[in-house]
Ligand code: GRF
């Protein structure tokens, strides 16, 4: 059994998809949800599904071994970032090399990097005049949004799109593909 930790800072709609998808799976389980914001809806979503959920302060992430100790004690094999808005500390990156997966709401390598999250991404896509956007699921290394790409899916950018409308279209792709791609990666198919 491979044990996943989901890291999430916000609403947790992708966390929910992952939890539901893997519930009852005999090879992969969501064993922990980690947040850096105690008011994150994602914590509540996990607890409602009986997934242990913990919040750590920024201080604990960057200046202590509390988080890594928790991951080790929970025997976590893989980490999935689902809207996790702070940089992964080096000690976690080292311990989980090639075992941290992120989802980005655009087609990397464009529209990635610092500050490119939430509606900022979709505004930048619309302003660029690109006719397509989509999702990128990738491994995480020490550079924002630059790890190996595992999977991309595309959707159109339409003439009258606002950032909010495009965000909804992209989110549908996230919910449709993210859990399956995580499963394929963990089972060595990607
Ligand atoms: C998603 O758009 C994901 O691509 C990005 O953060 C957002 C998280 O949304 N990394 P939610 O909290 O899962 O609804």
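Read-outs throughout are calculated quantities, based only on the coordinates presented, and are distinct from any laboratory measurement. These numbers come from a predicted model, not from an experiment.
Structure data summary
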read-out	value
On Cα atoms only, tilt of 119-128 relative to the major axis of the chain in degrees	30 degrees
Helix-only CD estimate at 222 nm, as mean residue ellipticity for the chain, using -39500 (n - 2.57) per DSSP H run (n ≥ 4)	-11000 deg cm²/dmol
Gain on full stretching of the segment that runs from residue 1 to residue 86 - 0.36 nm per residue minus C-alpha separation	27.8 nm
Taking all pairs of distinct alpha-carbon atoms in segment 2-186, Kirkwood radius in angstrom	16.6 Å
Stretchable slack from residue 141 to residue 168, in nm (0.36 nm times residue separation minus alpha-carbon distance)	7.0 nm
